[in-house]
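Just so it is clear, none of the values below were taken in a lab; they were calculated from the coordinates. Computed from a predicted structure; not experimentally measured. Glycine also receives a Cβ, built like all others from the backbone with ideal geometry; neighbour counts cover every protein chain displayed.
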Amino acid sequence: MENIILKVEGVSKSFPGVKALDKVNLELRSGEVVALLGENGAGKSTLMKILSGVHKKDQGKIFFEGKEVNLGDPKESQNLGINIIYQEFNLFPDLTVAENIFITREPRNKIFNFIVKDKKLIEEAQKMLDMVHLNIDPTTKVSELSVAQQQMVEIAKVLSMNSKIVIMDEPTAALTDEEVQELFRVINELKKQGKGIIYISHRLEELEFIADRCTIFRDGKYIDSFIYKDTTIDKLITSMVGRDLDQQFPRVEVPRGKLALEVRKLKEEKKLDIKDFNLYEGEILGIYGLMGSGRTEFARAIFGADKVKEEDIYIYGKKTNIKNPEEAVKQGIGYITEDRKKDGLALGLSVEHNINLSMLDEFSRFSVMNDKSANENAEKYVKDLRIKVPSIDQLTKNLSGGNQQKVVLGKWLGKNVKILILDEPTRGIDVGAKIEVYEVMNRLKKEGVAIIMISSELPEVIGMSDRIMVMRDGKFTGKINRQDATEEKLLSYAVSRK
Ligand SMILES: Nc1ncnc2c1ncn2[C@@H]1O[C@H](COP(=O)(O)OP(=O)(O)OP(=O)(O)O)[C@@H](O)[C@H]1O
Ligand SMILES: [Mg+2]
């Protein structure tokens, strides 16, 4: 067909110990969205990195607009018009939003080439921000932005390039529902302009808004392609995981235990204003709220990560005054953050090291690590959580996004936690792995751990929680039992009524 802009034929790629891609195929036409689907570690990001020139293929052919191209140099891919929005952010935190958008392409003074035209830069950046309806000052430093805002800046950056192919690798993982709608609007706009889009996401419910075709990879292999409107989500899932999944949310019933955490009052400078929050042993308490509602601030305050103004908090009936995360951990509180790259993981260290990181004190005496137990511990969690990795010595940065998230989980599971706060625990995790994470949560629940699950995925909140609390503007605005929970109800508490 003439409007095929990209054709990948039999492409393979190996890393030491892993065959990431084994003769995969992919076709993309202009004006269409191809959703590339597959479990964690299926090879999706690896192929995208080959297309964007970060990795070189070992084997196979790639045709761009009918001509065979070699690829392997990011500049070359960019010049061809292949642009990528990465799964893990790629922005420079110390530069401004405008500088990040136009990095290496800053409008320069024609004669004095080294002078970057600041005013022009800011104006141009503003245009891009307007396109994605992101209401921030282009001179803000990226480090001051939320995860979601950073993601929108990434998107604005790609829009500013003259692309023919736009690759989005889990672009919505950090976005709120509203921002996702905004992104879909942008995608449909790009489609109309005749661009080809490769869209990677683990949120299958998004496909109906954008996908024209779906291509499935499994364990580095090409499995199948479907026209989206001629298939079903069940078929896609079966094809992704290679087996039928019977239950998406395997909730277990556990009798509620003692009152583990009682927050009578919690106030922080900016927005938090919490009263009467109770959490019991053996329950999963879901906290739902839109981004910016104060969910993460609440978690951080409990964990002693941020300063609070006023607090009256009890753990197992004893008044506490947690000043920092170390104290929180000592009191048996665990916290898995939403931003694994920033707080959760040491990407430059091995999987073993990361799993054992938060528990060094349990394994070491006089800070000499006992190799054997650390090793066994890491092996155990890699196996339990089915972390896909050739060995526990692998550097964490080389793991697929979803497998990184599982390492974060493993890191906390070994700890003797009584109260566990999970902030977006299944962000970026595939359907199969999600169930594995839920099962780990169930196991902890049965052991009597009190779990707070912060999530912006409504089906997950409703499917896994025993009770649900909804946040808005730093306050809890609704309390709902699981039997009464509906998406409409949760949303109505979460959205401000003006
Ligand atoms: N630089 C690297 N060095 C070693 N192994 C790597 C590297 N990059 C990826 N891999 C491995 O290649 C395989 C495919 O990873 P990839 O990131 O492409 O998966 P993915 O489909 O994007 O998964 P996810 O949905 O979790 O993001 C994984 O086993 C991963 O650990
Ligand atoms: Mg990936």
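Within the chain, which whole H helices from DSSP have a Cα span along their axis of at least 15 Å and a mean Kyte-Doolittle hydropathy of -0.5 or more, if any? Could you put the intermediate results ahead of the total?
On the way: long enough: 118-131 (20 Å, -0.82); 147-159 (18 Å, 0.65); 177-192 (23 Å, -0.84); 371-384 (20 Å, -1.93); 401-413 (19 Å, -0.34); 431-446 (23 Å, -0.24).
For the chain, where a helix must reach 15 Å along its axis and average at least -0.5, the hits are 147-159, 401-413, 431-446.
Peptides 55-66, 271-282, 143-154: what's the order by average Cβ count within 10 Å, highest mean first?
Numbers: 55-66: 15.8, 271-282: 17.8, 143-154: 20.2.
Final packing ranking: 143-154, 271-282, 55-66.
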Which residues' amide hydrogens lie under 5 Å from the amide hydrogen of Ile167, considering only partners 5 or more residues apart or on another chain, with H built in the peptide plane?
Asn83, Ile84, Ile85, Ile198
Run the numbers for Lys475 and Thr238: contour at 0.36 nm per residue of separation, minus the present Cα-Cα distance, in nm.
81.2 nm
Would you compute, for the Cα atoms of the range 308-349, the largest minus smallest coordinate along each principal axis and list the three values in descending order, in whole Å?
39, 21, 14
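Viscosity 0.692 mPa s, temperature 37 °C: what is the translational diffusion coefficient of the range 214-325 from Stokes-Einstein with a Kirkwood Rh over Cα pairs, rounded to a whole number of µm²/s?
Numbers: Rh = 18.0 Å.
Calculated translational D: 182 µm²/s.
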Determine ³J(HN,Hα), in whole Hz, for all residues of the range 253-262 in sequence, where each value follows from phi through the Karplus function 6.51 cos²θ - 1.76 cosθ + 1.60 and θ = phi - 60°; x replaces Gly and Pro.
8, 10, x, 5, x, 5, 6, 8, 10, 10
Cα-Cα separations in the chain greater than 44 Å, expressed as whole percent:
15
The Cα extents of the range 4-241 along the principal axes, largest first and rounded to whole Å, are 52, 37, 35
At 7 Å along Cα-to-Cβ for each site, give me the label-to-label distance between Tyr314 and Glu76 in nm.
6.8
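Please report the antiparallel percentage of DSSP beta bridges with both residues in the chain, rounded to the nearest 5. Can you show the working numbers first?
On the way: 49 of 86 bridges.
Of all bridge pairs located within the chain, approximately 55 percent are antiparallel.
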Looking only at the range 15-51, which residues have a backbone nitrogen under 17 Å from a spot 7 Å from the Cα of Lys61 in the C-beta direction?
23-28
What spacing in nm lies between the two simple spin-label points modelled at Asp306 and Asp118, each 7 Å away from Cα in the Cβ direction?
3.1
At 0.890 mPa s and 25 °C, plugging the Kirkwood radius over alpha-carbon pairs of the range 400-450 into Stokes-Einstein gives what diffusion coefficient in µm²/s?
218
Report, in whole Å, the centroid distance computed from the Cα atoms of the range 1-54 and the range 245-287.
41
In whole Hz, the Karplus estimates of ³J(HN,Hα) for the range 133-143 (6.51, -1.76, 1.60; θ = phi - 60°; x where Gly or Pro) are 6, 9, 9, 9, 6, x, 8, 5, 6, 4, 4
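Quick one: if the Förster radius is 35 Å, what FRET efficiency do Glu269 and Glu487 give, using the C-beta to C-beta distance and rounding to 0.05? Don't jump to the answer; show the numbers that get you there.
On the way: r = 33 Å, r/R0 = 0.94.
Rounded to the nearest 0.05, the efficiency is 0.60.
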Under 18 Å between alpha carbons, and skipping anything fewer than 8 positions from Lys67 in its own chain: which aspartates and glutamates qualify?
Glu2, Glu9, Glu27, Glu76
Taking 0.36 nm per intervening residue step and subtracting the Cα-Cα distance, what contour gain separates Lys330 from Arg256 on full extension?
24.3 nm
Starting at the first residue of the range 166-176, write each ³J(HN,Hα) from the Karplus equation 6.51 cos²θ - 1.76 cosθ + 1.60 with θ = phi - 60°, in whole Hz, x for Gly and Pro.
10, 9, 10, 9, 6, x, 9, 3, 10, 9, 7
Taking the Cα atoms of the range 128-267 alone, what are Rg (to one decimal) and Dmax (as a whole number) in Å?
19.8, 59
With contacts defined as alpha carbon pairs under 8 Å and 6 or more residues apart, what's the relative contact order of the chain in percent?
16
Amide H neighbours of Arg218 under 5 Å, at least 5 residues apart or on other chains, H built in the peptide plane: list them.
Ile223
For Phe15, the residues 5 or more places away or on another chain with a placed amide H closer than 5 Å to its own amide H are Ala20
